[in-house]
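> Can you keep this structure in mind? I'll have questions shortly.
The values are calculated or read from the model by the stated rules, or taken from the named source; none is laboratory data. Quantities reported herein were computed from a predicted structural model and do not represent experimental measurements. Here the Cβ positions follow ideal geometry from the backbone for every residue, glycine too, while neighbour counts run over all protein chains shown. All accessible areas refer to the heavy atoms of the entire protein, side chains included, with ligands and DNA or RNA removed. Shrake-Rupley method; radii C 1.70, N 1.55, O 1.52, S 1.80 Å.
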Amino acid sequence: MSVADSARSSAPADLARQPVRRFLARVLVSDHPFPWLFPATAMILAFGIYPLVYSIWLSLHEWNRFTRSFSFVGGEQWAKALTDPRMWHALGVTTTYTVVCLAVELALGLGIALLLDRDRRGYGVLRGLMTLPLVVPPAVTGLMFLLMLDGQFGVLTYYGVMLGILERAQPLLGHTSFALFGVMLADVWQWTPFMVLIFLAGLRALPKDPFEAAAIDGANAFQIFWRLTVPMLGRVAAVAILIRAIDLFRIYDYVYVMTGGGPGTATEVLSFYAGRIFTTGNFSYAATISLITLVVLIVVANLFIRLFRVRF
Amino acid sequence: MGFREHDRKTFIADSCREFTARQITKRDFLKRMALAGVGFSGFAAGMLGGARPFGGLNPLGIRHALAETPADMAAWLQEVSKPYAGTKIRYSTEATPPSIVANQLAQEEFSKLTGIEVEVEIVPLEQVLQKATLDVQGQLGSYDLYYLDQSWMATFSQDTIDPREMYKDKPDLAMPGFDWDDFSKPLVDGISMYQDKMVGVPFDIPIFILMYRKDLLEKHGLAVPTTMDDYMNAARTIHEAENGNGIAGTTGQLKSGHYSLNCDWTAWLWSHGGSIFDQAGYFSGGDAEGIEGLNYMLELVKYMPPAAKTWTWDGEGQSISQGQAAMLISWGEFFPGFDGENSQVVGLMEAAHPPAPKKLRSTADAGFGEIPNIGHQGGSAIALSRYSKNLEAGWIFMQWVCSKDIMARSSILGGGASPMRLSSFSDPRVLEKSKVGPGTTRHFEAVKWTIENAMGSEPDMPAWAEISNNVVPVELGKLLAGQHASGEDCMAAIKAQADELAAPFRAG
Amino acid sequence: MTRARWQNLLHDLGACLVVFVFLFPILWWVLASFKPYSAIFVPQPVFVDFAATTANYDVTILGQSRTAQALEQGGQVGGTAGGGSSYYSIPSILDSLVVAVLSTALCLVLATLAAYALSRLRFAGKDHYVFWVLSQRMMPPIAVAIPFFFIFRDLGLRDTHLGLVIAHALVNLPLAVLLMKSFMDDVPKEVDEAAMIDGATRLQSFARVVLPMVRGGLAATAVLCFIFSWTEFLVSLQLTTSIRTIPVKISTFVTSTGTEWGFITALGSAAMVPAFIFILLVQRHLVRGLTLGSMKD
């Protein structure tokens, strides 16, 4: 019996019996997107708009400590932010962080997904275990790596010193040029499994025919990978890249726990800089920095979508 | 620990627990203790059953030491809180020992007696600041009381009610015997006062004292340092001798971008005759004395574990208790932990007065009410929020938590965190704990002396929270990481930002 | 295509090695939760040569008071006070669980409905709508957490489970919508049309035809939503006082006199268990995933 048959057979009876179902069915039978989109949209409109509007409003005002109220200052905060060297530095750090992590996570994620995409016994367990890093709260991940990279007690430091790539006098997180790597390490460890998960689901969805045909035609593994797997994973990859890049750009937890933005401002990313300013009460300036982050992300995301012709 | 010894200790512990839970009588208990070979002086035996820990034995746990609230306090509480029973008050605080204890006692005693529910949010210090800032900006009244660090007093001064005024204005709610004079005056001035307003009641007082490993000093024939040069000398000597064994001369809380770095720096700045702001309100950390102090710090860094640049106060304390460093001038709050359960140096640490500063700038020559001295204090106060919707209930709670009895008990139960009230220092319960062991109070003398003679206080100025969190430690962090060419450059960078931030608050 | 025995072996070895490398930090962390401080804070890493202790778990999971525990260990009470009660973490684990499960459910329902429309229906402004949903995720966390504080407080939802569920679902919505849409896109439209030609309504087509086919995608999305809720910190911090989700609870273990590494490692380890179980439950569907064979019959 085809799927449609089973659908049809229960249709009239059910509908006749339940008025709510009947209403829903009628509403949802239309090809109009409205009812489908309504719940999600309503929720986003109700709660999501407020932060945006509030931030914009804040960025146009200034908190006066004496009158204890906000006064309108137009673009003053924006001018200040755009000429703030620390803001630009943070932007640079954030960009470096995002690009490097993304590249590494993509490559590793795809590689590991291919590695684990087998039906042999035990691979299910391996796949399950691979998702474990995702389950750890980022704050705890930060603490984990803090402990492991500690100059005195860290297990990673210990082996790093043995291998000659680290020195005890300069713990990784205290090193101006390399502290960012320490933070990136935490991120890569935690989020490569995310990519693995996405790619695994994508690999599982690939139709078998083209691959069989290619094998019959005599293509080798590499050709199959490059010409078939990669393009077909394209859409899934695009979504994963987009989501991950957005999260990377807004990173906060690891920096907060591991380095506090230091040494100096070596690991001060935009979200952390904004967070600092929020904490000491300059809401307006912090909101401005946050909006700058938003704008950059919107522009870059748009570019990405256009460039790679990501079709939604 | 041999089998018999373990048994004996278990027996003692079990008996203590049963006694606390009133499962056995005092006579039985004493009999058992005699069996176990534990003697009691007549005095101590007579004290059994009250809120007193055992002489010679470790505290049995919170429940025992809690015993009862003194009868008169209980009566007053019940009486005064009648109209407010059922309200809920909340405040957000850092996890300091007195705060944790206060929370415990509030649940177990205060709420039961008054019917006022107390909800305490315990979060790291930066979050406390964030939440208080949020609340104040929107005048939300989400929190009825604020836990305010002394560096935030100026920022929040307008958002709280002066407790003395409250005491005067509402006599029917005033706690009898509260005794305002019992609060150490330098403490009140240093922590709570801003422009003649008492912003809150002092609640805890971490203050810099000298703490050292007496075994290591003895081993190298060093006397307890009394001058800045002595201290540097001792640190260097021990470091050179023991660094190979994994013990550094000293330690620090130099995490870049964290307020802790600011605290360490000020101790050296002030002890060399410098100050953060000059009389006119301009940043003066880069003047001659300031640079001298900075260089002193940079020299000391050589004798610290390299990881000192990555930790804040908790890492610093840990480095001592894990035996990684020999001495430090830092928060006296650490001291009981050195005798505590996870420490590897129980009984080896001693507390002393901080060394005499080389030179001191007077308060008159410094700016914004800054008090330069080596004993940097990081105290906090509890303040009553102006926007609270449960003002009276909050006020009752505030008086209770700052009362003589609670403060004395807090300092013992809080594992030896130092008290605010003069009476607490001489409370017999406190004096009794003045020995090696967990919850020790043997550092109190050093703390008290430092409060009265060597207390250094940060400037009182609304922008100070921002400067001490976002500017000073970030630039200093850069210096420590080699991103500034010199100390002078670093100070100049700070000056540029600090002067701008302080501008609206300069007189004239 | 058959592979030589040794190729298989190599492959298996490689897979195990990779997984082990990724698991190492977790293993190290869990190990630390059983170690006394003297085995953690030593320059040379200690793997097996230490006296294991369950003290950390006794306090955080079993709710044993710290002082009672210290007495058992030989009579030394910690410098930081507070009875075990403030470190007892079972309520936190339950809070986190409730919020994560409910917010995942809410998020999936809303997202799947929206994703279906975005995948199947053509309408003006579709791309813009998708981008708009995506952009919800583009603000720095702090800039979202603070307005949330105001809004939820005004709605009386602050410090309630419901409030947190809504907040988490909201934060996850963009991710869920996008993921579900991409998974649905992989199911050809012809399948729907075939069903509808046979007389099914769109709703039925959605519920009975498409949904079962994207089981793998649903599983993946559910896992991710659960995880994001389970590990979310900033928003949870701002919106709660008495409810302590696990990440917030852990942050309270950082005290002014020292970080309670023992308890942090214990709670961190314990917290992995429920989340991992959830993944395992859902894992089956993840693997079975999409099957595109429907057109063949």
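> List the aspartates and glutamates whose Cα sits under 14 Å from the Cα of B:K495, skipping any in the same chain fewer than 8 residues away.
B:D278, B:D287, B:E466, B:E475
> For C:L9, tell me the accessible area in Å² from a 1.4 Å probe, rounded to the nearest 10.
That residue has around 110 Å² of solvent-accessible surface.
> Give the Cα extents of segment B:404-508 along the principal axes, in whole Å, largest first.
Principal-axis extents of the Cα atoms in segment B:404-508, largest first: 52, 38, 22 Å.
> Between B:A496 and C:V273, what is the label-point separation in nm under the 7 Å Cα-to-beta-carbon projection?
5.5 nm
> Run the helix sum for the protein assembly as shown: -39,500 (n - 2.57) per DSSP H stretch of 4+ residues, divided by residue count, reported at 222 nm to the nearest 500 deg cm²/dmol.
Taking each H run of at least 4 residues, the total per residue is -17500 deg cm²/dmol.
> Right, something else. Let's test the formula: R0 of 41 Å, r as the Cβ-Cβ distance of A:A221 and C:D127. What FRET efficiency results, to the nearest 0.05?
Result of the calculation: an efficiency of 0.65.
> With Cβ to Cβ distances under 15 Å as the rule, what net charge do the other residues near B:E350 carry (K, R +1; D, E -1)?
Around B:E350, the surrounding residues sum to +1.
> With a Förster radius of 30 Å, plug the Cβ-Cβ distance of C:Q44 and B:T363 into 1/(1 + (r/R0)^6) and report the FRET value to the nearest 0.05.
Values: r = 50 Å, r/R0 = 1.66.
It comes out at approximately 0.05.
> When Lys and Arg each count +1 and Asp and Glu each count -1, what net charge do the other residues less than 13 Å away from A:D217, Cβ to Cβ, add up to?
Counting the neighbours of A:D217, the net charge comes to -1.
> Let me ask something else. Lysines near B:K219 by alpha-carbon distance under 26 Å, same-chain residues fewer than 8 away left out - which ones?
Of all the lysines, those that pass the test against B:K219 - Cα under 26 Å, at least 8 places apart if same chain - are B:K302, B:K435.
> What is the Cα coordinate range of chain A on the first, second and third principal axes, sorted by size from largest, in whole angstrom?
Projected onto the principal axes, the Cα atoms of chain A cover 74, 59, 35 Å.
> Along the charge dipole of the protein assembly as shown, Cβ charges K/R +1 and D/E -1, which of B:I412, C:I279, B:S388 sits furthest on the positive end?
Positive-end residue among those listed: C:I279.
> Among DSSP bridges having both ends in the protein assembly as shown, what percentage is antiparallel? Round to the nearest 5.
DSSP beta bridges in the protein assembly as shown are roughly 70 percent antiparallel.
> Give the span of segment B:323-459's Cα atoms along each principal axis, as three whole-Å numbers ordered largest to smallest.
Ordered largest first, segment B:323-459 gives principal extents of 50, 42, 27 Å.
> Using only Cα atoms, what is the ratio of the radius of gyration of chain B to 2.2 N^0.38 Å?
Cα Rg divided by the expected 2.2 N^0.38 Å: 1.01.
> Placing unit charges on C-beta atoms (Lys and Arg positive, Asp and Glu negative, everything else neutral), compute the dipole magnitude of segment A:79-308 about its Cα centre in debye, rounded to 20.
Dipole about the Cα centre, nearest 20: 260 debye.
> Suppose we look only past 20 Å in the calculated P(r) of segment A:198-312. What percent of the Cα-Cα pairs does that tail hold? Can you show the working numbers first?
Values: 3929 of 6555 pairs.
Of the Cα pairs, 60 percent sit more than 20 Å apart.
> How large is the dipole of the protein assembly as shown about the Cα centre if only Lys and Arg carry +1 and Asp and Glu carry -1, each at its Cβ, rounded to the nearest 20 debye? Before the final figure, lay out the partial values.
Details: 88 positive and 98 negative charges, 775 e Å.
With Lys and Arg at +1 and Asp and Glu at -1, about 3720 debye.
> Average partner chain C-beta neighbours within 10 Å, per residue of A:122-130?
Rounded to a whole number, the mean comes out at 6.
> Hey, what's the Kirkwood Rh for the protein assembly as shown if you take every pair of different alpha carbons, in angstrom?
31.5 Å
> Take the alpha-carbon centre of segment A:107-153, take the same for segment A:180-215, and report the distance between them in whole Å.
13 Å
> Got a sec? Charge dipole of the protein assembly as shown, +1 on Cβ for Lys and Arg, -1 for Asp and Glu; which of A:G74, A:V99, B:F335 is way out at the positive end?
Checked the options; the winner is A:V99.
> Work out the mean other chain Cβ neighbour count within 10 Å for the residues of C:44-57 and drop it here as an integer.
1
> Quick one: which of C:K126/C:K189; B:K82/B:K197; B:K131/B:K448 span more than 21 angstrom between C-alpha atoms?
Too far apart for the 21 Å limit: B:K82/B:K197; B:K131/B:K448.
> Next question. Using a basic spin-label model with each label point 7 Å from the Cα along Cα→Cβ, how many nm lie between C:I90 and B:W180?
4.9 nm
> Shifting gears a bit: What is the antiparallel percent of DSSP beta bridges lying wholly in chain B, to the nearest 5?
Around 65 percent antiparallel, to the nearest 5.
> Extending each Cα 7 Å along its Cβ direction at A:H89 and A:S69, get the distance between those two points in nm, one decimal.
3.8 nm
> Sticking with this one: Where does each of C:V191, B:V436, C:V171 land when they are ordered by accessible area, with a 1.4 Å probe and the largest first?
B:V436, C:V171, C:V191
> May I ask you to list the trypsin sites (Lys or Arg not before Pro) in segment C:90-129 that are in a DSSP loop and have at most 10 other Cβ atoms within 10 Å of their Cβ?
C:R122
> Give me the percent relative contact order of segment C:89-289, please, defined on Cα pairs under 8 angstrom at least 6 residues apart.
Over segment C:89-289, the number comes to 34 percent.
> Between C:A207 and A:D209, what FRET efficiency follows from the Cβ-Cβ distance if R0 is 22 Å, with the result rounded to 0.05?
Taking R0 as 22 Å, the efficiency between C:A207 and A:D209 is 0.20.
> With springs connecting C-alpha atoms under 10 Å apart, model chain A as a Gaussian network and identify which of A:H175, A:H32, A:H89 has the largest mean-square fluctuation.
Maximum fluctuation in the GNM of chain A, among the listed residues, is at A:H32.
> Using only the Cα atoms of segment A:33-74, what do you get for the radius of gyration and for Dmax, in Å?
16.3, 52
> Where does each of C:100-106, A:276-282, B:279-285 land if you order them by average Cβ count within 10 Å, highest first?
Numbers: C:100-106: 21.4, A:276-282: 23.4, B:279-285: 19.4.
By packing density, highest mean first, the sequence is A:276-282, C:100-106, B:279-285.
> How many angstrom lie between the Cα centre of segment B:431-508 and the Cα centre of segment B:359-387?
Result: 10 Å between the Cα centres.
> Moving on to the next point. I need the per residue convex hull volume for segment C:89-289, using only the alpha carbons, in cubic angstrom as a whole number.
About 133 Å³ per residue, rounded to a whole number.
> How large is the dipole of segment B:281-418 about the Cα centre if only Lys and Arg carry +1 and Asp and Glu carry -1, each at its Cβ, rounded to the nearest 20 debye?
260 debye
> Can you grab the distance from the C-alpha centre of segment B:200-218 to the C-alpha centre of segment C:87-153, Å, no decimals?
What the calculation gives is 48 Å, centre to centre.
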